[in-house]
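The values are calculated or read from the model by the stated rules, or taken from the named source; none is laboratory data. These numbers come from a predicted model, not from an experiment. All Cβ positions, glycine included, derive from the backbone under ideal geometry; neighbour counts span all protein chains shown. To get the accessible areas, we keep the full protein, side chains included, count just its heavy atoms, and leave off ligands, DNA and RNA. Shrake-Rupley method; radii C 1.70, N 1.55, O 1.52, S 1.80 Å.
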Amino acid sequence: MRIAIYGAGLIGAYVGGRLAAAGGDVVLIGRARSRAALAGGLTLTDYRGARMTTGPLPFAEGPEGASGADLVLICVKSQASASVARDLRPHLAPGALVVSLQNGVSNAAVLAEGLGRPVLPGMVGFNVAEQGPGHFHQGSQGGLHMGVDPRLPLDLFARAGLPLTLHAEMAPVLWAKLLMNLNNAVNALSGLPLREELATRDFRRCLALAQEELLALCAEAGQPLARLTPLPAGFLPKVLRLPDPLFRLIAGNMLKIDPLARSSMADDLALGRPPELDAINGEVARLAARLNREAPINARLTQLVEDATTTADRWSGEALLADLQRARAG
C-alpha cells in the first residue's frame with residue numbers, strides 16, 4: 001500500500017514517519033521549507049521513551065505526489081481543506097481512501113464536497129512538537145481514531161505504535177475532541193507550556209467556561225460526545241475548577257505532558273501563522289447560531305487570539321478569567 005501524507009507539518013511528519021519506520025511505503029507532500037527540514041531523515045520520539053528513525057523519505061511539493069496512492073492522509077490546517085481538495089482531485093486514484101486527520105468537526109465534509117468522493121473522518125488525540133530539524137516528539141497521551149473502512153492497513157498502524165481505534169459514528173468523537181481543543185486558545189494566550197498552563201487553576205477555570213458553553217449547546221442540539229478521557233465529558237469543567245492539589249489527585253493524567261509541549265495554536269502565534277480559530281472556537285459559534293443562541297466565551301477567546309497575532313503580550317490566568325467572566329455577564 002502506497003501512503004501519501006498531505007501536509008508534512010507536525011502531525012503529518014510524525015504519523016508519516018512512524019508509518020515509514022514500520023515499513024510503510026510513504027510519500028510526504030508539503031512546502032519547500034519542510035522538504036529542506038526533513039532532508040536528513042526523521043527522528044520520532046514520544047513521552048514514553050519510544051524512538052524511531054528513518055532515512056530521507058520521498059517528498060513532493062505538489063498534489064501530484066499523491067498520484068497512485070492507495071491511502072491519503074490529509075494533515076493540513078483546517079482553513080486549507082477546500083483548496084487542498086480542489087488541487088488534489090485530479091491526482092487521486094479511483095480507489096484511493098482519503099482520511100481527514102485535522103482539527104474540527106467539518107473537514108471531512110468539506111474535503112468530500114471538493115473531491116467528489118467520500119472522505120473518512122479521523123482524529124488525532126495527542127500533541128506533537130518539533131524538537132529540532134526532522135525530530136518530532138509526541139508529548140502527550142492519546143491515539144488515532146478513524147471511521148470504519150476495510151481498506152485501512154490496521155497492521156501497519158499497529159506496528160508503527162499508532163493502533164487505530166475505529167468508530168461506526170465519528171461525530172461524537174470529533175465533538176469530544178473539539179471540547180478538549182478549546183484549551184488551544186487558552187494555552188496560546190497564556191504563553192506557557194501546556195503542562196504549566198493546565199497546572200494553573202485560573203487558566204483551567206477559563207477552559208471550564210469555554211467547555212461549559214459548548215456542552216450546553218451540544219445538549220440542546222442533541223449532539224452526544226464520546227468519552228475520550230477516564231471522565232465523561234460533562235464532568236470535565238467541574239474537575240478543571242478543583243483546587244490544584246485535588247486536581248492533581250483526581251486528574252493527574254491531564255498533566256502527563258511533555259514539559260515543553262504547547263498547543264498548535266500557540267505554535268501558530270509564535271511562528272506568525274494564522275491561528276486555527278475557525279475550526280475550533282468558530283465551530284462553537286456556528287453551533288450557537290444554528291440554535292439561535294450566543295457563545296460569548298468562545299467569541300471572546302477568538303477575538304483575543306486574533307488580537308494576539310499583532311502583539312507579543314500574553315495573559316495571566318487571573319486577568320484572562322476576569323475578562324471571560326465579564327464576557328459571559330454581557
Is it the case that segment 149-167 has a residue that's of a type in the set (Gly, Ala, Ser), open to solvent by 30 Å² or more (accessible area, probe 1.4 Å) and under 30 Å from residue 307 (Cα atoms)?
no
Among the helices (runs of 4 or more DSSP H) lying completely within segment 1-107, list those that include at least 3 residues that are within 19 Å of residue 267 (Cβ to Cβ).
10-21, 32-37
Please find, among 69, 21, 13, 37, the residue that is open to solvent by 20 Å² or more (accessible area, probe 1.4 Å), touching a residue at least 60 places away in the same chain (Cβ under 8 Å) and closer than 29 Å to residue 278 by Cβ.
37
Which of the residues spanning segment 143-155 are without any contact (Cβ under 8 Å) to a residue 24 or more places away in the chain and under 30 Å from residue 45 (Cβ atoms)?
143, 154, 155
Quick one: is residue 234 touching a residue at least 12 places away in the same chain (Cβ under 8 Å), open to solvent by less than 50 Å² (accessible area, probe 1.4 Å) and either aliphatic (A, V, I, L, M) or under 18 Å from residue 319 (Cβ atoms) (or both)?
no
Scanning segment 127-143 for residues that are part of a loop (DSSP other than H, G, I, E, B) and open to solvent by less than 20 Å² (accessible area, probe 1.4 Å), which turns out nearest to residue 73 (Cα to Cα)?
134
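Each row is one residue, and each column tells you yes or no for (1) open to solvent by less than 50 Å² (accessible area, probe 1.4 Å); (2) free of Cβ contacts under 8 Å to residues at least 40 places away in the same chain; (3) touching a Cys at 6+ places or on another chain (Cβ under 9 Å); (4) in a loop (DSSP other than H, G, I, E, B).
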| site | (1), (2), (3), (4) |
| --- | --- |
| 202 | yes, no, no, no |
| 205 | no, no, no, no |
| 210 | yes, no, no, no |
| 228 | no, no, no, yes |
| 239 | yes, yes, no, no |
| 245 | no, yes, no, no |
| 249 | no, yes, no, no |
| 265 | yes, no, no, no |
| 274 | no, no, no, yes |
Among the residues of segment 76-91, write down those that are open to solvent by 20 Å² or more (accessible area, probe 1.4 Å) and either aliphatic (A, V, I, L, M) or closer than 14 Å to residue 120 by Cα (or both).
76, 80, 82
